[in-house]
Each structure stands twice: as structure tokens, then as C-alpha cells.
Amino acid sequence: MSGASHRLPTGGRVQRGETIEFEFEGRRLAGLRGDTLASALLANGVTLVGRSFKYHRPRGFLAAGVEEPNALMTLGNGARTTPNVQATVTELRSGLIARCQNAWPSVNFDLKAVLGGFAPLLGAGFYYKTFMGPRRGSWMFYEPFIRRAAGLGRAQHKSDPDRYETRHAHADVLVIGAGPAGLAAAAAAASGGAHVVLVEQDFVPGGSLLGTPATSAHEKWRLKLVAAAQAQPTLELLLRTTALGVYDGNMVALLERHDHASCDASRGEAREVVVTLRTRSIIYATGALEQPLLFGDNDRPGVMLASAARTYLNRYAVAAGRRAVVATNNDSAWHTALDLAAAGIPVTLLDQRTTADAALREGAAKAGINIHWQARPLRALGGKAVTGVLAALESGGREQRFDCDLLCMSGGWMPAAHLTTHTGRKLIHSVGIDAFMPAGLDAGHFMAGAVSGHFALSAALIEAVTAGAAAAAWAGRPAASLPPTHLPVPDQACGFEPAGAPPLRAGSKAFVDFQNDVTLNDLIAAHDEGYESVEHLKRYTTLGMGTDQGKTSNINAIRQMNLLRSTSAAETTTFRPPYVPVSVGALVGRAIGRHFRPIRRSPLHDWHVANGGVLIEAGPWLRAWYYRWAGNSAAEAYRQEMRVVRTAVGVADVSSLGKIDIQGPDAAEFLNRIYVNGFAALAPGKARYGVMLNDDASVLDDGTTACLAPHRYFMTTTTAQAGEVMSWLEFLLQTAWTDLAVQVVSVTDQWVGMSLAGPKARVALELALPGIDCSDASVPYMSVRELEYEGMPLRLLRLSFSGELAYELYVPADHGVALWERLLARAAPLGIKPYGLEALASLRIEKGHVAGLELDHRNTLDDLGLGKMASRDKPYIGRELRGRPELQAPERWSLVGLECLEAAQRLRGGAILFADGEPQVGHGRGYITSVTWSTELDKYIALGLYQGGLKHVGETVNCAYPLKNESVRARLVSPLFIDKEGARLRV
Amino acid sequence: MLIIPCPHCGARDYTEFRYGGDASRPRPAHGTGTVNEWHDYVFVFDNPKGIHREYWQHVQGCRQWLVVERNTATNELSRAQLAREATRT
């Protein structure tokens, strides 16, 4: 194990007694408790940590926090591999395994770096120009290679073994960011008893104060602020928690990370939790992000943001270099220079301005810092590590080279105002900081500190206490006592001068977007080609479209484009959630596998499972697909089950059908309005098949409604449309037809339904329920009887879906298994068997009954051959629009039957129908909706829709199925394949 | 996201509701209305910026259809009434 060559002997906020071992690129390294992966690597002298996206240029750490564009790593191995994780926000933990990305064979020797030599070819718009040209096919050929060469880390395909959760939470006041402003605002807001949630993405509270020396007055103040916040009993401080997005209704999505604790999924510990927080008010205390300077080769490892170098130095006691140059256009970087010098590192300071804050100047002189005014970096020197900088001094009057292995830069600060725009608000350009800040906030939203452009600590503190009090008052829990607003530490100097256009050198690249490899030349190219607006610029160059969402590039790009356009009209692109990358697992939470969505089960479910039923998902339902008694595969079993129904008797579970109890003096009128056919005269004891339309005349659903008694009806709907129909009936009764005295209630879950079908169905019923008169005279076709049998309420309907003599039996859910088992046991001598969904659906195809596949909300009554059902004597929903000429056109696609003409072939659902002899291109003249093997006809048959429909009966069509490169000949026939007279129904 | 104040159940998350479309125009009385009137009712909608009257059903609660007034620009809800009691203002 190599020693921590760059760790300072004293200082920092790391725990020196606690060594943590980890692995980087196969090397065993050690860091300290309190390190990030980035600080631990820097402590070990590792500065080359990745290759860039497009040009494969060597890259090091640019930042020390969430804005890092370069140091993306792949963590973990096997199923726990996580790509594209920022090393700068990864808390070091024992056993951490990290690898670099986008480099082969290694980050130190990357063959693809030769791409950099072809850089002029790879500029902005390269992909589009090269691959979207006249020969678009070439893009299809090149794309996989390009994606492999230009890419981030790779995801793996194993199932993630970690556990993720989602939870809901509520707060009076949410404070986002626990820097000095956030801490003070939260304490103020909580002082009157408001429930305050203070979230901080870091694992230590303090924000910018963590960049100050550990022995400074600022550190003492930080500890005091933290203690004051934690002393509030109603204040909840959530560390390692990032606000991802702000939504309407003051809903905020938070991401809690628990990675540091090695979460054990088997003990229910979640790796990440997405919190949906509802809050009364919000305080944004999100701080600001330092921006890079633009100069040649500003991406060399060892070139970093000045505040990052200061953070590594003071928070982690890591010297990011042994000889430093600090280049700046503002006062803040002077603190970095002073602290580096205090740590014994020789510092040269290049300030583009003519002066700086007096105290800073005095301090720098005392520290022996070599200061150059009106000085700007032209170009960083070195390859895999920076070795120096070529600078223009005296306003470009002369050039000088400075040796260094650490080049700190500061181009000013951009308020981290991203979250404030998520509800649709815009940012405005602030001249004083040449950056964007919130123009205004939603009602109940407040801000404090650097996010509002107040970079001075004194101003931030006053604003924080004011915001805390206002937010608490807004939430209805006014603050009781406010913290002092007098700053107890030296203030931060905030002098700033816009960087202007950089003096560019030919032959070197000035990177604007480090993650997506967008250079200043790309911006110039975009401008030359007319892509000037920030939205065009973004899409043309891919600027800001990386996982960092341009946190260190957007503002520089806008500044430079404005200079190119000689305008000050400033706009940003839209910042969208999430603020930081979030794993899909965390968004999904526990909604995986069987928890993906609720599953509905029949009361007979356990019986099916215990008795050879093979299950299939049908919408939200798990239904018996087929039973093992009939075969070991669906293809084998359903045919056997069909034969039993056609020759003897079978019983199927139809509990998933929608069941609606309809009552009231106007119930008959109500049914008469919603069904196309007449229901006004349906007498007690009678059932009727009905079809209902949508207002636009497309078919909504079909089903049977039985009249149990005057004013009392029992409606069944298809499984698929049960919810839709229920809502529709409620809509009509509660909005348009409030004058009708009718109540509707869903009783789908209250009743078990079973279909008893086959020529021996009546005998089976008589065996199972002795004493009940089941004769045709007593229970004729389309009738209903409401019975009680041995204490069991029973609704017996005589109707048929299969075309055989059949009954539907409904009993309360608790009696389901008893009746089901009784039928099977008592009718066993008849050969009764259970049959599943596949056979159920196949039997109806033989009988030409439409079902869900035909009822797709696009077909009309006439399309489905049901036009004659519609009453001419009464109004019904959909009647008016059904008359539209387009819906009556004779060449509409309408229902037909198909018989397969090729013995060795089969028909397939979805096949496209073409007339015999016509070329098989385009959308054809129709398609197949439902297919089955017919055990009666000994061939494949199908239902489908065909242009002109039944006019073409007898013609031959080709059923094309391009996915399998098949074309099968079939004959158009009537959809009624069996028992055309219905003789089997009425025995 | 949206919180809908259900007159029966109180303030609830919008995920408990289903959206039911424009509530600003009355449905033609049953059995009346020309094809054109029905066409306009079914297919033609305004897309206002500002207050929009719309139907929502509390499907995972009291099952009641509500008329909600929502500002389409801000998503602010100014009113929620039972549809059967809704008054037009």
C-alpha cells in the first residue's frame, strides 16, 4: 500500500485515527474517515482519473463537489456495479472498489486518445453532418462503434441485489442546503415550533464554511450554527439528502443515500430512498457554484477550481499540488492562495483585475505570494498532468511561463438556482455577478445566501434569518426568537470583474463543457452557423447535456455567446429535475417484481394453484390460463379443454368479469339509455346481452344485464373494461343525469363467477344442486334465477359465451370454493373438468363473439357486425355520432372470420391482411385480432377486421406476418364458425 | 403535485383521482342534439391559460365526480365541488 503522499501532517476535518482501505484501478489504497473518494485519491497523489467523453483527453478533478464533470467512476463489481458516480461526492467507505471509465486498456494509456488527433473532424455537429446526410443508412452502421468509443461507464445487466425504498413525508418548512445561510434560516424557522426539515447533500453540514481552515474562527462559527440548529426540537437535519426536484403544490423529491453504511438488503436496509415531501414553505439555501476560466488546455489534470483546491486543503488536509498558480477574476480565489501559502505551498497569483480587497492584498503580501495584476492564463502546459502555465501579463504586454503542478482557477460564481426554476420560473441575468439568479419565487418560497447572489456572509446571514421568519409565518407557525444577525467572523470579499473573451491560442482547446467535450471553438462554430440562441447552441454542441447538466459550463457558454453576438440579452436553458443523477432503482423503490403493481386474484385462486392451474396475467388479474390435467403446455391443454366443453361439460372461473349492482326506480330507464338495444321492457327473471357505446359511437363494452326484481339489476362487464364502465356510469349519474333515481355499486369482488358449459351442463347442475328445477322451462335461455341453496345465495343465469348449453353461477366470494368443488365432485361421472382462460377465449372465437381484442375503442357497432342490435325506437348514447358518414362508409374495416388454407401453417394475431395477388406492402386491408385452433373444424381459425368486411366472404387473402417473414393464405368466412342456428343454446 | 380538496374526504393527492376532462360545457340532453352539437361537445375543446373547470373523479376514495377549478398556468386549485352540486359561476 502506498503512503498518502499528499496528506498534510495536520489540519483538516478528517479523522486521522481511522484509516479506510479501498481499491482503485486494482490498487489497494488508504484514506481517512471523513474523506471522499476524490480527496483520498488526491491524498495518494492520484490526479489522472478519467478520459474525456469524445476526445479521450486525460482528466483530473475539476471540483470537490456535486458540480464535478470529469471524475466519473464505476463503483462496485458484479451485480452491484454502479457507473458514472462522481468521486467528489462519494463518501469513502471500507472496501470501496472504484474504476475509471471510457479508457482502454487503462486510464494511463488510452488507445482511443488518438481520437484527439482527429479533433478538427469531431467538432460540434459532427454526428449530424456525418451520419444524417444523404446516406442515412451509414449512421445505422457506424452508430454502435461511435457509441462504444464515445461513452460513459457501462451498466451491467444483472438484477440489482440492493433494496430501494420510497416514502412520504411532511414538513412546515423545508430548507434546502445546510451551509451558513441554511443553518441560520432553519434555526430561525424552527424557533416557534414549526416542523423544519433541513436537507444537505453532503455528509457534513456547513457548506462553504467547510472550505475554511479547521482552526479558523469560521470553523468555530460553523460548529455553533450546527449546534444551534440541532438544539431546535422541531428541526430535522437530513444529511446525505439531495433535493432532486420541486413540483407543483410544494412537493419536493428528495434522494437519501445510505451507501456509506453498507446496507444489508436482507435486513431490509435500503441503499437509497426517494422521499416525496409535502411542505408548506421552502427556503432555498443552495449556495453557488464556482465557474472555470477559459484558456487553452484548461482541462489538464491538476487544473481545478480554486474553491475545490481550498476545500481539499482545509477540509481534507490534502495538498492538491506542491507548487500552485491561482488565476482569477475575483476576490474569492485569494482565500485559496492565502491558505495554500499558509500550508507552505509556493503560490503565484494571476489576477486579471488591477486591484483586490485591501485585506486580501495585505495578507498576500505578508504570505509572500507572487502577485501579477492584469494577468491571465493563456494555456496550461503538460499532458497527463499540468506542468505549468503560459500567462499573458500586463494586459497582454508580455508572456511568461510559470511552473506548477496545481493550477487553480476562478471565473466567478453562479448561484445554484436550478431548483427555483422547476415550477416554471425563469432566472434573470445579474450584471454585478455576470450570472443568473432567481427573478422571483413562487408564493411560500424564500431564498437566502449565495443562491440569491449574496455572496458576502454578512448579507447571507441577515437574509437567512429574515427568510426563516417569513417561511415559518407562511407555514402558520411564526418564529419565536431569531438568531443574531451580526456576523461573528471576518466577511468574505466579493470583488468581481467579468472574464470577457479569452485570448485564445491556436492549437490548444479551451474547454467550456468538460463532460461533453465542448470547446470554445465549438461555440464559435455554432455561432458562425447560426445556432446562436442558447437552446440551439445546446442541441447543436451538446453543451450542458451531460450528467452534470452543465453546472460548470452553461454560464460560461452563455457569456461567450453573448460576446460573439455583441449582446447582453441573456437567457438560460431550462433546468429540469433531477438536480443530480439518480439511480432508477431509487425512483422505482419497492415497485419491482411482484410489487410492480397490485395483483387481483379470484377467490378461487388458491384452488387453481393447488390443482394444476397455470396462471397468466390478464390486466391486473392473475387468472387460470390452463390446467395440467389437459396437457403440459398451453398449446396442448386448451384444445383438450375445448373438447371437454364441446362434448361433455367444463367449468371456468369468470370472477374477473366486472359486476355492477344497479338499483332504483329509474334503473330501467338508465339501462335503456346506456345500451344500444332496448332494456326498458326487460322483465324480472330475464337477462339480456347489451352493447354500450362511447359518446363518439365507438364500442365501449358489452355484457349481460339481468333483472333480478323490479328496480334491481345485475350487470356484468368485460374484465378489461370493468373500471372504465363503472366510472362512466357514475359520471353520467353524477353529472348529466342527476334527475335519475339510480344507484350503482361495484360488486366485482363480492361475487365469484363460474361458467358451466357443455352439452351436459344441465345434468351437471342437477347433480350438484339436487332439488333445483333446472329444466329449460324453468331456466330458459337468457333467464336469471335468484336462489338460496343450503344457506348460500346463488344467482343462476342461463347464457352462453362458448355457444354450448351454459350457465353462469354467481355466489358470494366466501362460498366460491365450496360451490366449485361441489360441481367438480358431483358431476365427476359426466367427465366435468375445469377449463382456463385460453380455452374460454378460443371457444368464443369459434362462436364469433367479440371480446377485448375486437373492442378496442376504435370500432363501431357496425364494424363488429352488431349494427342490427341498435334500437330504432329510442335514443341511446352514441346514436347521434354513429350516423357520421365516415362511420357508415361501406369500405370500413369490419369483422370477418378467417380459415387457414395451409395445413402446415398457422394464423397469427396481428397479421396484416392483403387481397390475393396484391403486393404485400403497407398497412394492407385489415388485420387479424384473435386466433385459435378449432377443435370442431380441425384447422386454425381467426377473427379479424377487413376492408368491406363480409362483402368479401369466400375470397382468399394473404396473412402477412413480417416479424416471422411469413405469409399464410386464408379464406374469408362468416365469423360464426359453429352452430349458426344456435340450436345448442336452446336445448 | 396537485392536492385536490375532495368535499367528502378532504385534501388528497391527485394520484387518488382520475381526470375526466372539460366540465365547462353542458352535455346535450339525452336524445337531443344534432350531430354537430354532439361533435362539438365530444371533440372541440378550449385550451385556456388560466381558470379551467374540469372533472375529476375520486376513484380511490368516495368515487364522487368533482368539478375542480384549476389555473392551467399555475396549477393552483381555486375550487372543488361535487359535480352533482356544482354551480356555474
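The values are calculated or read from the model by the stated rules, or taken from the named source; none is laboratory data. None of these values were measured; they are calculated from a predicted model. When we count neighbours, we look across all protein chains shown, and the Cβ atoms used for this are built from the backbone with ideal geometry, even at glycine. Heavy atoms of the whole protein, side chains included, go into the accessibility calculation; ligands, DNA and RNA do not. Shrake-Rupley method; radii C 1.70, N 1.55, O 1.52, S 1.80 Å.
Please give the Cα centre distance for segment A:325-370 versus segment A:193-213, rounded to the nearest Å. So the separation of the two Cα centres works out to 28 Å.
Think of a 1.4 Å ball rolled over the protein heavy atoms: chain B then has 55 Å² of accessible area per residue.
Bridgeable lysines around A:LYS220 (alpha carbons under 28 Å apart, same-chain partners fewer than 8 residues away excluded): A:LYS366.
The portion of the accessible surface of the protein assembly as shown made up by carbon and sulfur, rounded to a whole percent, is 53 (1.4 Å probe; DNA, RNA and ligands excluded). Taking amide H positions as placed 1.01 Å from N in the peptide plane, with prolines and chain starts having none, which residues 5 or more places from A:LEU289, or on another chain, fall under 5 Å of its amide H? Amide H neighbours of A:LEU289, under 5 Å, 5+ apart: A:MET414, A:ALA416.
With each label modelled as a point 7 angstrom along the Cα→C-beta vector, the A:THR647-A:ASP606 pair spans 3.5 nm.
Tell me the total accessible area that A and B bury against each other, 1.4 angstrom probe, in square angstrom rounded to 100. When A and B are taken together, about 2300 Å² of accessible area is lost.
In this structure chain A gives 39 Å² per residue of accessible area when probed at 1.4 Å with all protein chains present. Taking a point 7 Å out from the Cα of A:GLU269 in the direction of its Cβ, the residues of segment A:51-90 whose backbone N falls within less than 20 Å of it are A:75-82, A:90. Extension gain for B:THR15 to B:GLU54 (0.36 nm times residue separation, less C-alpha to C-alpha distance): 12.5 nm.
Counting, for every residue in B:57-66, the Cβ atoms of other protein chains within 10 Å of its Cβ and taking the mean gives 3. Would you list which lysines come within 29 Å of A:LYS760, measuring only between C-alpha atoms, while excluding same-chain residues fewer than 8 positions from it? A:LYS760 reaches A:LYS659, A:LYS686, A:LYS833, A:LYS847, A:LYS939, A:LYS980.
With a ≥ b ≥ c taken as the square roots of the eigenvalues of the C-alpha gyration tensor of segment A:252-304, please select rounded if a/c is under 1.5 and otherwise prolate if a/b is larger than b/c or oblate if it is not? Here segment A:252-304 falls in the oblate category.
Averaging Cα coordinates gives a centre for segment A:917-987 and one for segment A:60-78; these two points are 59 Å apart. With contributions of -39500 (n - 2.57) from each DSSP H run of at least four residues, the per-residue ellipticity at 222 nm computed over the protein assembly as shown stands at -6000 deg cm²/dmol.
Which FRET efficiency, nearest 0.05, do A:GLU788 and A:GLU936 yield, Cβ-Cβ r, R0 45 Å? For A:GLU788 and A:GLU936, the calculated efficiency is 0.75. Dividing the mean sequence gap of close Cα pairs (under 8 Å, 6+ apart) by how many residues segment A:331-384 holds gives a relative contact order of 41 percent.
If r is the Cβ-Cβ distance from A:ARG425 to B:ASP40 and R0 is 41 Å, what FRET efficiency results, to the nearest 0.05?
Result of the calculation: an efficiency of 0.65.
Gain on full extension, evaluated as 0.36 nm per residue between A:ALA903 and A:ASP814 minus their Cα-Cα distance, stands at 27.3 nm. Between A:THR276 and A:GLU636, residue separation times 0.36 nm minus the direct Cα-Cα distance comes to 124.7 nm. The lysines within cross-link reach of A:LYS384, meaning a Cα-to-Cα straight distance under 26 Å and a gap of 8 or more places when in the same chain, are A:LYS54, A:LYS112, A:LYS509, A:LYS551. Take each residue in B:27-39, count the other chain C-beta atoms within 10 Å of its C-beta, and the mean is 5. Approximating the spin labels as points 7 Å out from Cα along Cα→Cβ, the A:ASP666-to-A:ALA680 distance works out to 1.5 nm. Evaluated at q = 0.05, 0.08 Å⁻¹, the base-10 log of the normalised Debye intensity for the protein assembly as shown, with identical point scatterers placed on the Cα atoms, takes the values -0.47, -0.97.
Put simply, segment A:650-727 fits an ellipsoid with semi-axes of 19, 17, 11 Å; these come from the alpha carbon gyration tensor as the roots of five times its eigenvalues, largest first.
Rounded, prolate or oblate: which fits segment A:358-419 when a ≥ b ≥ c are the square roots of the eigenvalues of the alpha-carbon gyration tensor, with rounded for a/c under 1.5 and prolate only if a/b beats b/c? Oblate is the answer for segment A:358-419, as a/c is 1.5 or above yet b/c matches or exceeds a/b. Assuming a ≥ b ≥ c are the square roots of the Cα gyration tensor eigenvalues, decide whether segment A:747-833 counts as rounded (a/c under 1.5), prolate (otherwise, with a/b larger than b/c) or oblate. Note, shape of segment A:747-833 comes out rounded.
Taken as Cα centroids, segment A:815-891 and segment A:457-493 sit 69 Å apart, rounded to the nearest whole angstrom. Put simply, when A:36-46, A:267-277, A:342-352 are sorted by average Cβ atoms within 10 angstrom per residue, most first, you get A:36-46, A:342-352, A:267-277. Under 19 Å from a label point set 7 Å out along the Cα-to-Cβ vector of A:ASP749, the amide N atoms of segment A:590-617 belong to A:595-607. Across segment A:950-973, the residues whose backbone nitrogen lies under 18 Å from the label position 7 Å along the beta-carbon direction of A:ASP916 are A:950-960, A:967-973. For chain A, the share of DSSP beta bridges that are antiparallel, to the nearest 5, is 75%.
Report the calculated FRET efficiency for A:THR567 and A:ILE772 (r = Cβ-Cβ distance, R0 = 56 Å), to the nearest 0.05. Efficiency, from the Cβ-Cβ distance: 0.05.
Highest average first, the peptides B:56-69, A:74-87, B:1-14 ordered by how many other beta carbon atoms sit within 10 Å of their residues are B:56-69, A:74-87, B:1-14.
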